[in-house]
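Down below is the structure, laid out as structure tokens.
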Amino acid sequence: MRSKKPPEIPAVKAEGTYIYVAEEGKWPEKPYVILTTALFWLQEGMLLELQDLRPSSAMGTLMRVRVLEVRPQVRVFPGWYGQVVVHVLVEPFPEGEEALRLVEEVLREQG
């Protein structure tokens, strides 16, 4: 069971990424996963796959998600050092026919 308050990226790490799965298009209180590297290259609209490796019946399942928003943040600590943290909001991306419909809509808007 996860604790009520998610852990912070340790101050000794220079960077990190918090990935949040949107709840009704909004930022949830807790991240889905915390990485100890900063995913600077993420851009809005990109697709990712999140693979669940926690021991459970869902172990190994993939969730395709689309990046909705990327918020870089610099944390300043006492002294000279700081930390770069990237907050990323994603939403589940539909599979199959619904995904094709969304792609067609985007193409129509562009052309």
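Taken together, the values in this text are just the output of simple stated rules run on the coordinates, not laboratory data. In this text, all values refer to a predicted model and were calculated from it rather than measured experimentally. Glycine gets a Cβ as well: all are built from the backbone with ideal geometry, and neighbour counts include every protein chain shown.
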note = Total charge of the residues flanking Gln73 in space, meaning their Cβ is under 13 Å from its Cβ, with Lys and Arg +1 and Asp and Glu -1, is -1
inquiry  = Below 20 Å, Cα to Cα, which lysines can Lys4 reach? Residues fewer than 8 away in the same chain don't count.
reply    = Lys26, Lys30
inquiry  = Would any residue of the stretch 16-45 have its amide N under 14 Å from a label point 7 Å out along Cα→Cβ of Met63? List them or say none.
reply    = 19-34
Relative exposure of Ile19, Ile34, judged by other C-beta atoms within 10 Å (fewest first) = Ile34, Ile19
request  = Only helical DSSP H runs with n ≥ 4 go in: add -39500 (n - 2.57) per run for the chain, normalise by residue count and round the 222 nm mean residue ellipticity to 500 deg cm²/dmol.
outcome  = -4500 deg cm²/dmol
ask   = To the nearest 10 degrees, how steep is helix 96-110 against the longest Cα principal axis of the chain, on a 0 to 90 scale?
value = 90
task = Take every Cα pair under 8 Å in the stretch 15-110 that's 6+ residues apart, average their separations, divide by the length, and report that relative contact order as a whole percent.
result = 29
query = Which whole number in µm²/s is D for the chain by Stokes-Einstein, with the Kirkwood Rh taken over Cα pairs at 37 °C and 0.692 mPa s?
reply = 207
